[in-house]
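**Student:** Can you keep this structure in mind? I'll have questions shortly.
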Amino acid sequence: MVTAIATRPQTVGETIVKRRDFLKAATAAVAFTMAPNIVRAAAATTLKFVPYADLALLDPLAAAFVTRNHVMMVFDTLYALDAEGQPQPQMAEGHTVDTDGKIWRISLRDGLKFHDGSPVLSRDVVASLKRWATADAFGQALMGATDELSAPSDKIVEFRLKRPFPLLLHAVAKPTNLVAAIMPERLANLPTTPRLTEMVGSGPFQFVANERVPGARNVYRKFGGYVPRANGTPSFCAGPRVANFDQVEWLTMPDSATQASALSSGEVDWVEQPLMDLIPSLRANKCHSACNIDPVSRGIGVQN
């Protein structure tokens, strides 16, 4: 599954994409972890995408869906939901639960690395989940049922619960805003204000901070140290996450007419939320395609 583009929450829209011989848009799903299948030829190394809004805040604790999409590019999660809404292992190798449902042990899979080259350890996961739970309602409910969250070894995360919490994996796998993103312990332990600006995740794309132009451009490069899951089938957020592009550029274009012109000229490849009035003319162009891409927010997308 390629990490790609998502739609605005609580809207019905369309994403417009320009068809090129290096792009093939298939079915819908939420961006980044739930993206349309995009196949690239050798010459097509960069995908240029116009998000529905400017990426003003980078911190995974920011509630905007555009931030959620950014987070899906850079970070990874312990579990991810499949098309049936069931959590499947992502960073996790698997888990065990004791007979009374109060002790959960989640093991990390081999080969996990952060973008700074350091290994992902269970203490990073513990600190990240505690940070996430300060802002997310599902996380707060989970922590309210937790007596202790610890890292008994480098590869094991342990929840000792006050009472059974059957939706534990659903909580850490949630694909909506305020994703349970895993980051290095040193970042997770920082105060939640001011907002986090150093982006070090373990996802398939690395955020290129020195190429960010606030209000205009954000750049993501394929992370060579990322190892997709060796098994499983891409399904919604779950399964191997494969980066099919060397670079993804987010270009902010507030004006809908400018977006449509850029798409038609080949300046960009994907417009996430085009003006509804422009969709018929864009669809009439055989170089464009429209697709539903986010079952969470019920959006539709159009591609080149």
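The values are calculated or read from the model by the stated rules, or taken from the named source; none is laboratory data. This is a predicted model, so every value here is computed, not measured. Here the Cβ is made from the backbone with ideal geometry for all residues, glycine too, and neighbour counts use every protein chain on show.
**Student:** Which pairs turn up if I take residues in region 106-121 that are surrounded by fewer than 19 Cβ atoms within 10 Å (Cβ to Cβ) and look for partners that are among the β-branched types (Val, Ile, Thr) and assigned to a loop (DSSP other than H, G, I, E, B) with beta carbon separation below 6 Å, at least 6 apart in sequence or on another chain?
**Tutor:** GLY111/VAL227; ASP116/VAL200
**Student:** Next question, about the same structure. Hey, can you tell me all the residues within region 52-63 that are crowded, with 16+ Cβ neighbours inside 10 Å and modelled with pLDDT of 95 or more?
**Tutor:** Once the filter is applied, which keeps residues that are crowded, with 16+ Cβ neighbours inside 10 Å and modelled with pLDDT of 95 or more, region 52-63 yields ASP54, LEU55, LEU57, LEU58, ASP59, PRO60, LEU61, ALA62.
**Student:** Every residue in region 165-183 that is β-branched (Val, Ile, Thr) and under 10 Å from the mean Cα position of the chain (by Cα), please.
**Tutor:** Residues satisfying the conditions are THR176, VAL179.
**Student:** Moving to a separate point now. Just to be sure before I move on: is LEU190 without any contact (Cβ under 8 Å) to a residue 12 or more places away in the chain and part of a loop (DSSP other than H, G, I, E, B) in the structure I sent?
**Tutor:** Yes: the conditions hold for LEU190.
**Student:** Could you run through region 148-179 and say how many residues are part of a strand (DSSP E or B) and closer than 18 Å to ARG123 by Cβ?
**Tutor:** 11
**Student:** Follow-up. When both residues are 6+ apart or on different chains and their Cβ atoms are under 6 Å apart, which pairs have a first residue that lies in region 76-102 and is under 16 Å from THR176 (Cβ atoms), and a second that is modelled with pLDDT of 95 or more and surrounded by fewer than 17 Cβ atoms within 10 Å (Cβ to Cβ)?
**Tutor:** PRO87/HIS170
**Student:** For region 148-184, how many residues meet the condition of being among the polar types (S, T, N, Q), modelled with pLDDT of 95 or more and within 19 Å of SER235 (Cα to Cα)?
**Tutor:** So the answer is 0.
**Student:** Considering only residues that are in contact (Cβ under 8 Å) with a residue 60 or more places away in the chain and of a type in the set (A, V, I, L, M), which ones fall in region 160-187?
**Tutor:** Across region 160-187, the qualifying residues are LEU161, LEU168, LEU169, VAL172, ALA173, LEU178, VAL179, ALA180, ALA181, ILE182, MET183.
**Student:** Turning to a different aspect of this structure: Kindly check whether there is at least one residue in region 227-241 that is of a type in the set (S, T, N, Q), in the same structural domain as ARG109 (by TED's automatic domain parsing) and farther than 26 Å from THR45 by Cβ.
**Tutor:** no
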